[in-house]
Amino acid sequence: MARELIKEALSKALAAAREAGEVPGDLGVEAELRPPRDRRWGDISTNLPMVIASAANLNPRAVAQAMVARLDLPEEVVQKVEVAGAGFINFTLSPEWLRGVVRRVLTEGENYGRSDAGGGKKLLLEFVSANPTGPLAVVQGRAAAIGDTLANLLAHTGWRVSREYYVNDATNSTQVRRFAETLEARYLQHFGREAAVPEDGYQGDYVVEMAEELVKEQGERYLDMEPEERLSALTEYSLQRIVESQRRDMQAFGIEFDTWFLESSLYENHEVEATMDALKAGGYTYEAEGALWLRATELGDEQDHVLVRRDGRPSYLAADIAYHRNKFERGFDRLVDIWGPDHHGHITRLKAGVQALGYDAGRFEILIHQIVRLFRGSEMVRMSKRAGDIVPLSGLVDDVGKDAARFFFLMQSMESHLDFDLELAKKQAADNPVYYVQYAHARICSILRSAEEKGISLPEIEAVDLDLLGEPEELELMRKLADLPEEISQAAARYEPHRMTRYARELASVFHVFYTKCRVLGDDPALTGARLAMVTAARTALGIVLRILGVSAPERM
């Protein structure tokens, strides 16, 4: 790729400038390449000289000139190199190289942009993992879209990815018990018995509906049971029903998990107990106030944390450490968790537990995504009356569709709050981003169908005269096709799946401009063949990006 060649050439030029004494020793900086703000300045730009100059108190333009003087780049790839502004280096790619991108896309097909960056290593990506106490909410839909797209990106860049959903089904969970108590109260109320929903119980109508379903299925079976026996039975019933519901929601959202891991299995297999023993053996626990504590302060946390409560019940942290120990023991080279915005405080303590067990914390990463706010135009959507305190994901998907939901969830960095406009997501117009991108794909398919109806077929790529492609709109489309491998690489390496929606919108925009300015099926057979090759390459690139996003690529709209 051109970017790799430029990075390598910059590295060698910097080394040569150091040897000449024009730049100080290794400053630990690396070239970062980006498109310039204005295409008139070139195709690729770097501010590396400015970074070096800032670190070494030098003149940035002098550093840039010293590097440019030592750059060795093939003319068939880079047509022009210039020093600009305060110390940028701008590169203009050769039109011949850009035309070669079309040939490369058509040759590689769906493999375009693939790499071996992951080296075939095993990566476990855990995401969503909502408590089994109700339907999946919109914010968990954002986690699902982020996780599934990131998994696709990582797989495209050489990782062996496994998707996992962690089910907090341990019956010692406070949330699980409180939900069962709420269901019990609603069940008893149906039969006219006095029963109060716990103050911190679940208020949503979905609990009432589950109680009604329970009555239809089981009648009075649980009515006169001993309270603890009834609560145990209803706990098992509610867990099964809710997990089944969450599975259906994920399938409707286009996500298949490789594993639904049950927290209860950690207790059944005595893994929580074994993990506590391992922490004790390593000297990272102590007893105080009748509880067992983790010495988290020795591993970077601000305070120590309870592992086993006074009543002998393991804490949530104890099970979580055991769960991640299980992950490492399954042979994964890297673990990535995606958590919701209310779990930030749990990161340091869990990483401390992982380190205390002797695992490399560098192999374990936790990503936090932020909240979602729903709008209808300028009006914020209030909480769902049906679900009590949540807006269910299934309702959103029913309203706007899977494709729009996934695309909109990915239009902002996961670190940013997301405002989701329901009305915009349903519009069949150019200002709806997902419609705009899908329409570009459908429009290309329409061109190819028209060509087939006219008896025009795409020649073998070797026979296409791509030198005929030289209009500004054609070169811009080829530049955008050339960007895709780097976009995929950076999105995967930096865990930034939102880059894919941005790229998709940019590629669609460039294609629409090209389509407006350049007639594809014209009177010149050779030019028609070249443009058909280019739009076929654009369809391939759009298809790759939409597949990574988990969004359909329609052929007609």
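The values are calculated or read from the model by the stated rules, or taken from the named source; none is laboratory data. This structure is a prediction, so every number in the text was calculated from the model and none was measured. Note that each Cβ is placed from the backbone with ideal geometry, even for glycine, and that neighbours are counted across all protein chains shown.
Quick notes
- Members of the stretch 250-297 that are without any contact (Cβ under 8 Å) to a residue 40 or more places away in the chain and among the small types (Gly, Ala, Ser): Ser265, Ala281, Gly283, Ala288, Gly290, Ala291
- Tally, over the stretch 405-450, of residues that are charged (D, E, K, R), over 21 Å from Gly340 (Cβ atoms) and not in a helix (DSSP H, G or I): 3
- Subset of the stretch 309-333 (residues that are over 23 Å from Ala170 (Cα atoms) and surrounded by 19 or more Cβ atoms within 10 Å (Cβ to Cβ)): Phe332
- Candidate set from the stretch 154-177 (those that are in a loop (DSSP other than H, G, I, E, B) and under 18 Å from the mean Cα position of the chain (by Cα)); member that is nearest to Arg241 (Cα to Cα): Trp159
- Filtered residues of the stretch 246-260 (kept if farther than 15 Å from Leu396 by Cβ and surrounded by fewer than 18 Cβ atoms within 10 Å (Cβ to Cβ)): Arg247, Gln251, Glu256, Asp258, Thr259, Trp260
- Evaluating Asp337 against the criteria (1) farther than 29 Å from Ile548 by Cα; (2) assigned to a strand (DSSP E or B) leaves one unmet condition, (1).
- If you go through the stretch 261-290 and keep only what is hydrophobic (A, V, I, L, M, F, W, C), in a strand (DSSP E or B) and exposed (fewer than 14 other Cβ atoms within 10 Å of the Cβ), you end up with just Ala288.
- Residue within the stretch 55-65 that is of a type in the set (Gly, Ala, Ser), assigned to a loop (DSSP other than H, G, I, E, B), crowded, with 17+ Cβ neighbours inside 10 Å and outside the structural domain of Glu476 (by TED's automatic domain parsing) present: no
Yes/no per residue for (1) within 30 Å of Asp421 (Cα to Cα); (2) in a helix (DSSP H, G or I); (3) not aromatic (Phe, Trp, Tyr):
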| position | (1), (2), (3) |
| --- | --- |
| Leu292 | no, no, yes |
| Gly312 | no, no, yes |
| Ala318 | no, yes, yes |
| His346 | no, yes, yes |
| Arg373 | yes, no, yes |
| Arg382 | yes, no, yes |
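- Matching entry among Ala180, Ala151, Ala185 (being within 30 Å of Gly113 (Cβ to Cβ) and assigned to a helix (DSSP H, G or I)): Ala151
- Hey, Thr174 β-branched (Val, Ile, Thr), surrounded by 15 or more Cβ atoms within 10 Å (Cβ to Cβ) and without any contact (Cβ under 8 Å) to a residue 60 or more places away in the chain or not: no
- From the list Ala13, Ala17, the one residue that fits, being modelled with pLDDT of 85 or more, within 29 Å of Arg99 (Cα to Cα), more than 31 Å from the chain's Cα centre (by Cα) and not in a loop (DSSP other than H, G, I, E, B), is Ala13.
- Residue within the stretch 391-404 that is assigned to a loop (DSSP other than H, G, I, E, B), over 20 Å from the mean Cα position of the chain (by Cα) and surrounded by 14 or more Cβ atoms within 10 Å (Cβ to Cβ) present: yes
- All positions within the stretch 352-372 that are more than 18 Å from Ala492 (Cα to Cα), free of Cβ contacts under 8 Å to residues at least 60 places away in the same chain and surrounded by fewer than 21 Cβ atoms within 10 Å (Cβ to Cβ): Gln355, Tyr359, Asp360, Ala361, Gln370
Okay, residues lined up against (1) in a loop (DSSP other than H, G, I, E, B); (2) more than 20 Å from Arg163 (Cα to Cα); (3) not assigned by TED's automatic domain parsing to the domain that holds Gln490:
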{"site": "Glu75", "(1), (2), (3)": "yes, yes, yes"}
{"site": "Glu82", "(1), (2), (3)": "no, yes, yes"}
{"site": "Ile89", "(1), (2), (3)": "no, yes, yes"}
{"site": "Val102", "(1), (2), (3)": "no, yes, no"}
{"site": "Gly109", "(1), (2), (3)": "no, yes, no"}
{"site": "Leu123", "(1), (2), (3)": "no, no, yes"}
{"site": "Thr133", "(1), (2), (3)": "yes, yes, yes"}
